[in-house]
Amino acid sequence: MVKNKKMLALAFIGVLAVAGITGGTLAYFTDSKVAENTITMGDVDINLEEPEYDKNHPNKEITDVTPNQVIEKDPTITIKEGSKAAYIRCKINVTSDDETALPAGYTEALIANTNMDMTLWKKGADGYYYYKNKVEPVAPNNTVKFFSEVKIPETWGKEMANRSISMDVTAEAIQADNFTPAMDEDGFITGWFMSDGTTPVSYTHLRAHETLRYL
């Protein structure tokens with residue numbers, strides 16, 4: 001009887017040992033899964049051209065310009081296929097043949113003589129002209145014309161004789177998704193700023209350059 005009790009006790013201890021081992025083994029069972037996702041950044045892609053100007057003036061130069069002459073100049077911005085929808089802004093830079101600024105008021109007079117639609121463009125304090133408003137960004141495969149002609153001011157006189165005038169247009173675009181531009185009370189865009197008030201460093205820009213030789 002004693003022997004049987006000892007054997008039974010040993011068997012019970014053995015069961016506990018196995019249970020302990022089993023419990024220990026189960027305690028270290030682990031599993032792991034990795035969800036692999038690819039994040040591809042979008043892009044803003046624009047094109048700037050002057051189709052009518054380029055067709056009629058392939059050498060990018062007009063000679064013998066006179067006061068009140070109307071010149072076809074049609075900077076046209078296209079949001080390319082595959083691009084993200086974007087906001088557009090443009091800037092005009094006018095210089096003389098030595099790349100210096102014109103006398104006071106001359107640049108403003110020339111820009112004022114474009115047929116820019118001021119119901120679509122709003123000039124910001126930074127000198128850029130911003131297209132339309134926040135709720136209407138430009139979608140891919142859409143084209144925006146900055147203006148289509150410019151008239152030489154009639155007030156330009158002899159002081160401009162034989163000078164070459166360059167009228168450069170820079171077009172820039174920034175993605176509309178998750179970006180809130182500065183706006184006026186009418187909802188028109190007046191500037192591009194990050195949430196901390198700084199100017200964005202990432203946007204697409206192109207420049208169209210032509211020379212007007214004034215005589």
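The values are calculated or read from the model by the stated rules, or taken from the named source; none is laboratory data. These figures come from a predicted structure and were not determined experimentally. Note that we place each Cβ from the backbone using ideal geometry, even for glycine, and neighbour counts take in every protein chain shown. These accessible areas exclude ligands, DNA and RNA; they are computed on the full protein's heavy atoms, side chains included. Shrake-Rupley method; radii C 1.70, N 1.55, O 1.52, S 1.80 Å.
Computed as a quarter of the hull surface, the mean projected area of the alpha carbon convex hull for segment 151-205 stands at 7.0 nm². For a straight C-alpha distance cut-off of 20 angstrom, the aspartates and glutamates reachable from residue 60 (same-chain residues fewer than eight places away being disregarded) are 49, 50, 52, 72, 74, 97, 98, 99, 149, 168, 210. Taking 97, 74, 186 and ordering them by how much accessible surface each has at a 1.4 Å probe, largest first, produces 186, 97, 74.
Legend: residues 129, 106, sorted from most to least accessible area (1.4 Å probe; ligands, DNA and RNA excluded), read 106, 129.
From the cross-link list 84/134; 55/158; 73/151; 73/134; 91/123, which pairs have alpha carbons spaced over 19 Å apart?
55/158; 73/134
Modelled spin-label separation between residue 142 and residue 161, with each label point placed 7 Å from Cα along the Cα-to-Cβ direction: 5.0 nm.
Across the accessible surface of segment 54-125, with the other protein chains kept in place and a 1.4 Å probe, carbon and sulfur atoms take up 48 percent.
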